[in-house]
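Working notes, structure below.
The values are calculated or read from the model by the stated rules, or taken from the named source; none is laboratory data. Values in this document were obtained by computation on a predicted structure and should not be read as measured data. Here the Cβ positions follow ideal geometry from the backbone for every residue, glycine too, while neighbour counts run over all protein chains shown.
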Amino acid sequence: MKIIIIPPHYRVLFALLAVTSALSLYATLVEAPFSYPVGSTITIPSGMTIAEAGAMLKQEHVIHSSVFFSLFVRVTGGTLIAGTYALPEKKTIFEIAYDLERGITGIEQVRVTIPEGATNLEIAKILGIALQPFDTQRFLTLAQPDEGYLFPDTYFLLPGTPPEQVIERMKQNFDFHIRPLEGELGSWKRSLKDAVIMASIVEKEARKIETRQVVAGILWSRVDSNMYLQVDAVFGYIFQKPTFSPSLDDLKVNSPYNTYTHRGLPPGPIGNPGLDALKAAINPVQSPYLFYLTGKDGIMYYAKTFKQHLANRAHLK
């Protein structure tokens, strides 16, 4: 066997070539690009694939190679967590992948309070201001069938949180708070949907838990008697205004939510009720009354007959 002896100066050359190649690969695959967007943010939408994320990161000059990124993520984790991520300084492709796989955003959470009774539109406006960037239109589209079931509460959320995640979290919170009431719901003759619709009305028609229970009893009695509910709270929802005193023309508006022209409950909730309103709707107080008015002093005035109701109205003018 012939032994080939490599001269010392060639060994040095080969070593330099190997080091140069390694440095070149590191610079073109691992190291942050020269035009890395320091000080900006990137958003990984919910449902984005690894390949799509790699392409987006390359386009935004966060990484050099989308192919290498995809391979590395699949080998190390295989999933990316949606959200908005801060880029305060240059990071290697390994560090970027590590953050995205673990949801390390580098952004502080924002305290967001959703008031009781808020409609989906009102919630979207609150989130749009608090969680910039936030896709309010997508939120409204996705949340449309869940109005009434987005529990009003204080949430800590990251800016740019995808609408899907916000909706799911609010629905889970609703399920958590309604669970203790399942026993009462189970022995009740009405559905959860009816309870939520009634709660959304009671939320806006009365303020205290005691008066809400009485109002719920009155409105359930009207439902059972096939009477018009004639509640003014629905018009704020129909016309998408936070507060609303309907005019005579408003009372004639062609809407399935108009409780002056349609008997029974509206087809859906007119907002997202809080726990007290839900409890009141499920635990109404029975009374001989069929009418009620709220005075400017916040006191509720009840009546058994329409004549008494008119008298109360005249008294409160």
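Before moving on, here are some points about what is shown:
- Ala124 free of Cβ contacts under 8 Å to residues at least 40 places away in the same chain, out of contact with any Pro (no Cβ under 7 Å at 6 or more places or on another chain), in the same structural domain as Ser40 (by TED's automatic domain parsing) and surrounded by 15 or more Cβ atoms within 10 Å (Cβ to Cβ): no
- When the residues of the range 71-80 are filtered to those that are buried (at least 19 other Cβ atoms within 10 Å of the Cβ) and closer than 14 Å to Met48 by Cβ, the one that is farthest from the chain's Cα centre (by Cα) is Val73.
- Single residue of Met227, Met198, Met170 found to be exposed (fewer than 15 other Cβ atoms within 10 Å of the Cβ) and in contact (Cβ under 8 Å) with a residue 24 or more places away in the chain: Met227
- Taken as a whole, the structure leaves Leu265 outside the set of residues that are in the same structural domain as Trp220 (by TED's automatic domain parsing), part of a helix (DSSP H, G or I) and under 22 Å from Arg207 (Cα atoms).
- Residue within the range 147-157 that is touching a His at 6+ places or on another chain (Cβ under 8 Å), closer than 21 Å to Pro242 by Cα and crowded, with 21+ Cβ neighbours inside 10 Å present: yes
- Complete set of residues in the range 173-193 that are outside any loop (DSSP other than H, G, I, E, B), over 22 Å from the mean Cα position of the chain (by Cα) and touching a residue at least 40 places away in the same chain (Cβ under 8 Å): Leu181, Glu184, Leu185
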